[in-house]
Amino acid sequence: MLELNIFASFLANCFQVQSKATFFLFLNLNTASILFLTFSMFSYFLPFPSPVLLAATNLDCFPQLFFCLLLPFLATLPLSIHLSCRPSPVPEQYLLLQTPLMFTEQMQQDVIMVLKFPSNSPVTHVAANTQPGLTSPAIITVTANRLFSVNKWHGLTGHQNTGEQQYQLPVEIDPLIASNVGSHRRQISDLLDQSIQISSQCFVITADNRFILLCGFWDKSFRVYSTDTGKLTQIVFGHRDVVTCLARSESYIGGDCYVLTGSRDATLLLWYWNGKHSSIGESPGTEFTTPRAILTGHDYEVTCVSVCAELGLVISGCKEGPCLIHSMNGDLLRTLEATENCLRPRLIQSSTEGHCMIYYDKGQFCLFSVNGKLLRHMQVEDSIK
């Protein structure tokens, strides 16, 4: 046991873990073999003393059947086991790895930068794909007259620099917009249906910042445009009426993701975005693409949607009636019943932790669990679009 203690301490120090980690140490005393698996600190963390002989884990993350088969084997080992079913909040330490200045008092109080665009049209959609590893990290904005801007992201490193190093703003405004030269490459000129009111739900930006998806066209399609040239690259048909809203899931390796569309025909269609070929559909080059699933259950026009591939859930709201939760296979799972004064959902945002925030008319916010339970309700006086 002393050797195991030293070995676990050495592993914890190598990975710079003090009191929180996710180590699994399986020891087979008969064969004297050690299998060491490390799971990255991602969403769930459980506190336990260090050094660690057998790390705590979470039954929400793994099938219970796996543990039913594993526990009889582990019971024969002289090790302490700690299992917990409660999800722990994402610690500040993990978030600091992505945005080191998020929790500093100065960052919460100061406005780092203000962007002013030449266009007088209001900004209706903002997408910030700035994660490390992207070829072209940028913040993309789209105005109500469908003029988009690809603003290069430099990060906050230059903002912290003082002294001899040259000061650099975290965001560089799109030179084509700033100079007003070549702005035709940033304008989507195709006509929309006259009854469509442009909102954030009409746009989707791919994870690599290379394409914009736009809905609301009179021919009942949604379309794909290149952010580099502004040219149309694909037209997708499938709905029997005008497409009113779009959403995409988190992206996989290679840029693949799911795209969800809602329509006035009261249905939702789930599509597959092929990151390698930068198009909707698994077989590029075909004239017609088919959706992965058709989701029904609404009686009125779909106004807002959200899709979470990690949980395999689709959440949608319509003009009249409750919001619905579907599986990504198209099965209707449950309805989200809000309070009496929460009518006409306008915005939906879901999280991988199993929560869903819905904004209704007249400043009403509701927080639900994916099991359909109403967790919180709040009303604000400001008008949110």
**Item:** Condition broken by residue 372, with the remaining ones in (1) open to solvent by less than 60 Å² (accessible area, probe 1.4 Å); (2) more than 23 Å from residue 200 (Cα to Cα); (3) without any contact (Cβ under 8 Å) to a residue 24 or more places away in the chain satisfied
**Value:** (3)
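Okay, residues lined up against (1) in a loop (DSSP other than H, G, I, E, B); (2) modelled with pLDDT of 95 or more; (3) in contact with a strand residue (DSSP E or B) (Cβ under 6 Å, 6 or more places away or on another chain):
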{"site": "222", "(1), (2), (3)": "no, yes, yes"}
{"site": "241", "(1), (2), (3)": "yes, yes, yes"}
{"site": "244", "(1), (2), (3)": "no, yes, yes"}
{"site": "247", "(1), (2), (3)": "no, yes, yes"}
{"site": "251", "(1), (2), (3)": "yes, no, yes"}
{"site": "269", "(1), (2), (3)": "no, yes, yes"}
{"site": "283", "(1), (2), (3)": "yes, no, no"}
**Asked** Residues of the stretch 173-197 being among the hydrophobic types (A, V, I, L, M, F, W, C) and either open to solvent by 40 Å² or more (accessible area, probe 1.4 Å) or over 24 Å from residue 234 (Cβ atoms) (or both), which ones?
**Response** 173, 177, 178, 181, 191
**Message:** Residues that are of a type outside the set (Gly, Ala, Ser), within 20 Å of the chain's Cα centre (by Cα) and at pLDDT 90 or above: does the stretch 333-342 have at least one?
**Reply:** no
**Request:** Select from the stretch 331-350 the residues that are in contact (Cβ under 8 Å) with a residue 40 or more places away in the chain and open to solvent by less than 60 Å² (accessible area, probe 1.4 Å) and list them in ascending order.
**Result:** 345, 347, 348, 350
**Message:** I'd like the full set of residues that are over 21 Å from residue 245 (Cα atoms) and out of contact with any Leu (no Cβ under 7 Å at 6 or more places or on another chain), limited to the stretch 355-385.
**Reply:** 371, 373, 374, 377, 378, 379, 380, 381, 382
**Prompt:** What number goes with the only condition from (1) more than 30 Å from residue 219 (Cα to Cα); (2) at pLDDT 80 or above; (3) not β-branched (Val, Ile, Thr) that residue 96 does not pass?
**Reply:** (2)
**Message:** Among (1) buried (at least 19 other Cβ atoms within 10 Å of the Cβ); (2) in contact (Cβ under 8 Å) with a residue 24 or more places away in the chain; (3) over 19 Å from the mean Cα position of the chain (by Cα), there is one condition residue 360 misses while meeting the rest; what is its number?
**Reply:** (2)
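Yes/no matrix, rows are residues, columns are (1) within 21 Å of the chain's Cα centre (by Cα); (2) among the hydroxyl-bearing types (Ser, Thr, Tyr):
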site	(1), (2)
193	no, no
196	no, no
201	yes, no
206	yes, yes
228	no, no
233	no, yes
244	yes, yes
266	no, no
272	yes, yes
**Asked** Is it the case that the stretch 296-308 has a residue that's over 18 Å from residue 269 (Cα atoms) and either touching a residue at least 40 places away in the same chain (Cβ under 8 Å) or not in a strand (DSSP E or B) (or both)?
**Response** no
**Prompt:** Could you count how many residues in the stretch 212-233 are open to solvent by 20 Å² or more (accessible area, probe 1.4 Å) and either of a type outside the set (Ser, Thr, Tyr) or closer than 22 Å to residue 349 by Cβ (or both)?
**Reply:** 7
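The values are calculated or read from the model by the stated rules, or taken from the named source; none is laboratory data. Computed from a predicted model, the values in this text were never measured in an experiment. Backbone-built Cβ (ideal geometry, glycine too); neighbour counts: all protein chains shown. Surface areas here come from the heavy atoms of the whole protein model, side chains and all, with no ligands, DNA or RNA. Shrake-Rupley method; radii C 1.70, N 1.55, O 1.52, S 1.80 Å.
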